[in-house]
Amino acid sequence: MNPKIQRKIEHLENIERFPAEELFEFIQLNKEDELLDLGAGTGYISFAFANYVKRVVALDYDNDILQYLEVKAKEKGITNIETIAANFKEMPLGNERFEKAVASISLHEVQPLSIVLGEIHRLLKDKGIFLCIELEKSVMPTGPRVSSKVMEEEIIKAGFSVINTIHSPTQVANQPVYIIIAQKNK
């Protein structure tokens with residue numbers, strides 16, 4: 001394996017984060033659901049949610065990382081994860097396909113945010129749930145960040161209702177985290 005890719009995988013696998021299972025308190029899963037894991041990376045969300053839904057579509061722009069996710073899924077005996085390498089701004093998926101969508105620490109990298117949120121809105125069924133987990137903007141950010149206030153505003157502009165915003169006591173890489181639960185409006 002390419003050393004650069006190996007380093008990226010090791011970094012992603014070793015990021016300090018809260019257990020994905022803690023997200024179950026914010027999103028109700030159904031065995032018939034199709035879930036979009038946006039910015040899937042090495043499968044942190046995909047693996048945790050796969051046993052509770054019909055299918056997980058793990059979308060990421062990095063095909064090499066997705067190949068790693070596929071190998072790990074096979075090793076774990078998980079057969080209901082489909083990987084797609086694509087740009088978040090033009091996702092090659094059908095309209096209103098998903099009941100749920102999760103974006104975990106991935107939207108802060110994308111500009112303009114409105115295009116990606118519009119794509120998520122397009123992909124969700126009516127009343128579909130969008131779970132956004134992001135790093136809060138702070139005085140001394142270590143990279144690009146979107147404040148929870150700005151994210152809420154953008155989510156509402158994209159056609160969602162914000163159900164709740166939680167400022168998690170758990171940090172990721174020593175940075176504050178927020179969780180926004182939103183529902184698609186008609």
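The values are calculated or read from the model by the stated rules, or taken from the named source; none is laboratory data. Bear in mind the structure is a predicted one, so any value in this text is a computation, not a measurement. All Cβ positions, glycine included, derive from the backbone under ideal geometry; neighbour counts span all protein chains shown. For accessibility, only protein heavy atoms count, side chains too; no ligands or nucleic acids. Shrake-Rupley method; radii C 1.70, N 1.55, O 1.52, S 1.80 Å.
Take the stretch 45-62 and flag every residue that is under 17 Å from residue 30 (Cβ atoms) and open to solvent by 10 Å² or more (accessible area, probe 1.4 Å). Result: 48, 51, 52, 54, 55.
Restricting the first member to the stretch 27-54 and to residues that are touching a residue at least 12 places away in the same chain (Cβ under 8 Å), and the second to residues that are in a helix (DSSP H, G or I) and acidic (Asp, Glu), the beta-carbon pairs closer than 7 Å and six or more apart or on different chains are 42/13; 48/21.
Taking the condition of being among the acidic types (Asp, Glu) and under 14 Å from the mean Cα position of the chain (by Cα), how many residues in the stretch 100-132 meet it? Step through it out loud before you land on a result.
If we filter the stretch 100-132 for residues that are among the acidic types (Asp, Glu), which is where we start, we get 109, 119, 126.
Checking the rest, the ones that are also under 14 Å from the mean Cα position of the chain (by Cα) come to 109, 119.
So the count comes out to 2.
Whenever a residue of the stretch 138-159 is more than 13 Å from residue 175 (Cα to Cα), its partners that are at pLDDT 85 or above and open to solvent by 40 Å² or more (accessible area, probe 1.4 Å), lying with C-beta atoms within less than 8 angstrom and at least six residues away or across chains, give the pairs 148/167; 152/162; 154/114; 155/162; 156/162; 157/114; 158/114; 159/185.
Is it the case, given these coordinates, that residue 163 is closer than 22 Å to residue 46 by Cβ and without any contact (Cβ under 8 Å) to a residue 60 or more places away in the chain?
no
Counting only strands (runs of 3 or more DSSP E) that sit wholly inside the stretch 79-186, those with at least 1 residues that are of a type in the set (Lys, Arg) and either modelled with pLDDT under 95 or surrounded by fewer than 20 Cβ atoms within 10 Å (Cβ to Cβ) (or both) are 124-135. Within the stretch 24-41, being surrounded by fewer than 21 Cβ atoms within 10 Å (Cβ to Cβ) and within 13 Å of the chain's Cα centre (by Cα) holds for one residue alone: 27. For the stretch 42-67, the set of residues classified as at pLDDT 95 or above, small (Gly, Ala, Ser) and in contact with a helix residue (DSSP H, G or I) (Cβ under 6 Å, 6 or more places away or on another chain) consists of 58 only.
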